C-alpha cells in the first residue's frame, strides 16, 4: 500500500535525520561563525590551528560566508550565530541595535578588531590603463567594479575611502562628494558582495576593482592574472569580530576570539594577506604590507566614525549614496 | 478531499496569503511606489522582455524540433528525443554552469557572453527548451495526414499545406508550450545566477531582484516584485488551462 | 533539401544549447586531473551537502507522492465544485519562481514573520535550517505526481472500481487491488520527475538556507559556493555528479514516459 510505505519511508528518513543531528550534537560544542564574504580560507586555517589547542579540541564549527550587511541582517532574522566576523563596524552596530551584540564590543582588545587590510585597486596584469591613484579612476574610459554599498561592507569602505582621500587632499565636502558621484558614473557593476565583485572582475568586466588588499592577495594566490595598487591616500579597513549575547557557548566563543588575536592566528592572517593587528607581527610582514603615509581610519575627522558615516552616507532614505545612485542609475538598496 | 484541502492550504495557500498581505499591508499607494521604483521596473522589464523573446524563439525552434522528431527518421533520433528532457532532469545551477563552461570567460570557442543580456537569453533557452517540443509532439503524432495529402494533391505548396492545414491544428499545442516556457522564463534563477552577473539595471532579472532584496532585509521591495511575479504566474496558468481546453475541443466534439 | 535543413536546424539547436555545454562541463571537470576533483568531492562539507540533498529528497518525495495520488483521486473521482481551482493551485509551483517560494517562507517563519515570535518563543528554528528547506522543496515539487496520475485516472474510467465495490471490496482493497495497479506507471513516472526536481532545487533553498557550510548547504548550493570561492574544479566536480544522476533520471524518464509522446 502506498500509504503505509510512504509513511514508513517518511518515518525512516526522519529517524535518519534525527540520528544525524544527535550525532553532531553529541560530539562536543559547536560554534556558529557568520562572516563576511572573503575570509573563508584564512578562517579555515585559524579554526584548524585552534582545534589543535586544548581550548579548541572537540569544538566543531558551522560557517557561513556572505555579504557583510546581508549577513548581519540574516542574523537579525534568526540565522544562528555565536560569533560574527564582519567587514565593517557599521554592520556590527546593526546587531547592537538589534540587541544581539553588546554595545561595548569595541572595548575588547584591539578595539574588537581581528585583523586589518587596506583599500586597493586591483587591475589587469601589466596595469594597461596605468592606474595609480584616485584621479586615474575617473579618467575617461575607465570602468570600475565595486560592490553595492547597501549590501556589502567592502563597498562602504570604498566609498568612504574615496571621499576621505579627496578631503585629505584639500577638497571641500562638496567637491569630495562630487568626486564620489563621478566615481560611480564609471562603475559598471555593483554586485551584492565583495567576493561577487571579485568574481565579476576576474570574469573580464571592468578595468579596475576596488577591493580589500586581502582579497586581491587571495585572488593572486589562486592563480588569477591580476596585480594591485595601493593608492597613496588609502583607508585602513578594520575587520571586527564579536560574540553574540544570546550565544549558548559564550565562554568557548570568547576563547576562540582571544585565539584570533593571539600570535599564532595573527601570523596566519599575515600569511593569507591580512595585516595583523598585533604590531610586532605586522612588522615581520613589512615588505608584504607596505605602509602608506596617507592611510587614514574610520575615526578620521572627515568621516567621524561609523555611526556618523552610516547616517551621512548609507542611510537607506537620506544617505548620500541614495542620491548618488539615483543620479547614476544604480541600485538604491541592497 | 479534506486531506487535500488541508494540505494545499498549509503548503501553498498560507504562504501565498502571507505574501499578498505583506505586499499590500501599507496600502495600494505604498505598493505602487515600491513596485515602480527604478530598479524594480528595470528588473521586471528585463524579465518580461527576455521571456517574450525566448518564448517566440521556442515557438519556432520547438515546433521545428517536434516536427523533425515526428516526421523525420534518422540514426540517433531516439537519442535526440531523450535528450530533449535534459533541462527537466538537470539542476538549474548545473545548467548555468554548463553554459558558462562553453560560452563564458574560458570559452574554447572564444565566445564570452558572461555578464550580458545574451547570457540571460541563452540560460532561458536552455531551461525552456523542452516545453514547446513536448506539447507539440503528441498533437503532431495524432494528426491525420489525409488532410495534408488532399491539400497537396490539389496543388498546394508545402508551405501552404503547413500554414493552412497543419498549423491550425498544432497551434493550441504551441501556445500551451509557449505559456509554460514563458512562466518558466519569468521565474528562472538557478541557470541565470552564475552567468549573468546580476548587475542591477543591466542584467538583473526579477527573480534576482527579489533574492537580493530578501538578503538585504528589504522585504517590502522583494514582496512587491514577487507579487507581480505571482500574478503573472496565475495568468499564465489560466492561459494554459484555456489552451488545453481548446486543444481537446476537437476530442469532445468528435 | 528542406528536410535536411530542418533536421540541421534542430540538431544544431540541441548541440549548441544542450549537448555542447554539457560535454564542456565534463571536460572541464577532468581538465586539471583527478586530484583537485577528488579532494573537492571528498571534502566533508561536500559529502554533507550530498547527504543533505538526499535527506531532503527522501522526505519530500514520499509526501508529494501520497498527496499526488490522493489529490488525483479527489479531483477525478469525486466530482466537487472547485476542482478546477484545486487543479490550478496544484499547478502553481510549476509557474512560480522558486525565489518567491523562499520569500513566502521568510514572511511566514522569519523573526518578523507571521509565526516568527511564536517559533522563537518555543525555540523552534525553521529558517536557516533544514525544516524550511524541506518545506520549500515540498512546495516546488508538489505538482508532478498529481499531474501524471490525473489524466491516467481520467482515461481509465471507474467501471472496474465500481465492479469491485459491488463485489463487496472495501475502499482500501479497491484502491490497492484495482486503482493502484492501473495508475502504477503514472505514479512511478511522477516520482521520477519529483525526485529530479528535488535533487535540482536551488532558488528557494538559496533564499532560506543561510549558506551554513556543513549544515544547510545542499549539493546545488555547494556548486555555487565552490564557484564563488575560486574553486572551479570543485564546482565542476559536483556538477558532473549531479549531471550523471540526471542522465540516470533521464533514462528512467525515457523508458517510462507515457507512450503517446514517442514517435
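One line per residue, one yes/no per condition, for (1) without any contact (Cβ under 8 Å) to a residue 24 or more places away in the chain; (2) farther than 30 Å from residue A:30 by Cβ; (3) in contact with a strand residue (DSSP E or B) (Cβ under 6 Å, 6 or more places away or on another chain):
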site	(1), (2), (3)
C:148	no, yes, no
C:157	yes, yes, no
C:188	no, yes, no
C:196	no, yes, no
C:206	no, no, no
C:239	no, no, no
C:244	yes, yes, no
C:249	no, yes, no
C:252	no, yes, no
Over segment B:205-228, the set of residues farther than 15 Å from residue A:67 by Cβ and buried (at least 24 other Cβ atoms within 10 Å of the Cβ) is B:205, B:206, B:207, B:209, B:210, B:221, B:222, B:223, B:224, B:225, B:226
Checked A:225, A:207, A:173 against criteria (over 24 Å from residue A:126 (Cβ atoms) and either assigned by TED's automatic domain parsing to the domain that holds residue A:137 or touching a strand residue (DSSP E or B) at 6+ places or on another chain (Cβ under 7 Å) (or both)); the one match is A:173
Could you grab me the full set of residues in segment A:26-84 that are in contact with a strand residue (DSSP E or B) (Cβ under 9 Å, 6 or more places away or on another chain), assigned to a loop (DSSP other than H, G, I, E, B) and facing another protein chain (nearest Cβ under 10 Å)? A:37, A:38, A:66, A:79, A:80, A:81
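The rows are residues; the columns are (1) part of a helix (DSSP H, G or I); (2) more than 8 Å from chain C (Cβ to nearest Cβ); (3) touching a strand residue (DSSP E or B) at 6+ places or on another chain (Cβ under 9 Å).
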site: B:170; (1), (2), (3): yes, yes, no
site: B:173; (1), (2), (3): yes, yes, no
site: B:180; (1), (2), (3): yes, no, no
site: B:192; (1), (2), (3): yes, yes, no
site: B:195; (1), (2), (3): no, yes, no
site: B:199; (1), (2), (3): no, yes, yes
Looking at (1) touching a residue at least 60 places away in the same chain (Cβ under 8 Å); (2) within 20 Å of residue B:216 (Cα to Cα); (3) within 13 Å of chain C (Cβ to nearest Cβ), find the lone condition where residue A:226 falls short. (2)
Can you confirm whether residue C:111 is free of Cβ contacts under 8 Å to residues at least 24 places away in the same chain, at the interface with another protein chain (Cβ under 7 Å from one of its Cβ atoms) and either surrounded by 15 or more Cβ atoms within 10 Å (Cβ to Cβ) or part of a helix (DSSP H, G or I) (or both)? yes
Scan (1) within 29 Å of residue B:93 (Cβ to Cβ); (2) part of a helix (DSSP H, G or I); (3) under 22 Å from the mean Cα position of the chain (by Cα) for the single condition residue C:184 breaks and write down its number. (1)
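For segment B:49-146, list the helices (runs of 4 or more DSSP H) that sit wholly inside it and hold at least 3 residues that are in contact (Cβ under 8 Å) with a residue 60 or more places away in the chain and more than 10 Å from chain C (Cβ to nearest Cβ); which are they?
B:117-142
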Residue ID - modelled with the lowest pLDDT, chosen from residues in segment C:169-180 that are in a helix (DSSP H, G or I) and more than 11 Å from chain A (Cβ to nearest Cβ): C:171
Within segment A:302-334, track down each residue that is part of a loop (DSSP other than H, G, I, E, B) and within 20 Å of residue A:93 (Cβ to Cβ). A:302, A:303, A:304, A:315, A:316, A:317, A:318, A:319, A:333, A:334
Can you find a residue in segment C:93-107 that is within 17 Å of residue C:149 (Cβ to Cβ), surrounded by 18 or more Cβ atoms within 10 Å (Cβ to Cβ) and either modelled with pLDDT of 90 or more or facing chain B (nearest Cβ under 10 Å) (or both)? yes
Does segment B:238-254 contain any residue that is away from chain A (no Cβ under 14 Å) and crowded, with 23+ Cβ neighbours inside 10 Å? yes
Pairs with Cβ under 6 Å, 6+ apart, first in segment B:1-23 and facing another protein chain (nearest Cβ under 7 Å) and loosely packed, with under 15 Cβ neighbours inside 10 Å, second modelled with pLDDT of 90 or more and not in a helix (DSSP H, G or I): none
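Would you confirm, using the coordinates I've provided, whether residue A:99 is surrounded by fewer than 16 Cβ atoms within 10 Å (Cβ to Cβ), assigned to a loop (DSSP other than H, G, I, E, B) and within 14 Å of another protein chain (Cβ to nearest Cβ)?
Yes; evaluated as a whole, the condition is true for this residue.
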Checked segment C:133-168 for anything away from chain B (no Cβ under 14 Å) and in a loop (DSSP other than H, G, I, E, B); matches are C:157, C:158, C:167, C:168
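Yes/no per residue for (1) surrounded by 19 or more Cβ atoms within 10 Å (Cβ to Cβ); (2) within 14 Å of another protein chain (Cβ to nearest Cβ):
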{"site": "A:107", "(1), (2)": "no, no"}
{"site": "A:135", "(1), (2)": "no, no"}
{"site": "A:141", "(1), (2)": "no, no"}
{"site": "A:147", "(1), (2)": "yes, yes"}
{"site": "A:153", "(1), (2)": "yes, yes"}
{"site": "A:162", "(1), (2)": "yes, no"}
{"site": "A:165", "(1), (2)": "yes, no"}
{"site": "A:171", "(1), (2)": "no, no"}
{"site": "A:206", "(1), (2)": "yes, yes"}
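Against the condition surrounded by 21 or more Cβ atoms within 10 Å (Cβ to Cβ), modelled with pLDDT under 95 and in contact with a helix residue (DSSP H, G or I) (Cβ under 9 Å, 6 or more places away or on another chain), how does residue A:329 come out, does it pass?
no
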Identify the residue in segment C:34-81 that is farther than 30 Å from residue A:60 by Cβ, without any contact (Cβ under 8 Å) to a residue 24 or more places away in the chain and in contact with a helix residue (DSSP H, G or I) (Cβ under 9 Å, 6 or more places away or on another chain) and, among all such residues, is surrounded by the fewest Cβ atoms within 10 Å (Cβ to Cβ). C:80
Looking at residue B:46, is it more than 9 Å from chain C (Cβ to nearest Cβ), touching a helix residue (DSSP H, G or I) at 6+ places or on another chain (Cβ under 9 Å) and either part of a helix (DSSP H, G or I) or at pLDDT 90 or above (or both)? yes
Which residues, taken from segment A:214-227, are in contact with a helix residue (DSSP H, G or I) (Cβ under 7 Å, 6 or more places away or on another chain) and buried (at least 20 other Cβ atoms within 10 Å of the Cβ)? A:215, A:218, A:219
Looking at the structure I just gave you, is residue B:155 in a loop (DSSP other than H, G, I, E, B), buried (at least 17 other Cβ atoms within 10 Å of the Cβ) and more than 9 Å from chain C (Cβ to nearest Cβ)? no
The one condition residue C:130 fails out of (1) free of Cβ contacts under 8 Å to residues at least 24 places away in the same chain; (2) surrounded by fewer than 23 Cβ atoms within 10 Å (Cβ to Cβ); (3) within 11 Å of another protein chain (Cβ to nearest Cβ) is (1)
Counting only residues that are crowded, with 20+ Cβ neighbours inside 10 Å and closer than 25 Å to residue A:138 by Cβ, segment A:277-294 contains a total of 0
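The values are calculated or read from the model by the stated rules, or taken from the named source; none is laboratory data. Keep in mind it's a predicted model, so treat the numbers as computed, not measured. Note: ideal-geometry Cβ built from the backbone for every residue, glycine included; neighbour counts use all protein chains shown.
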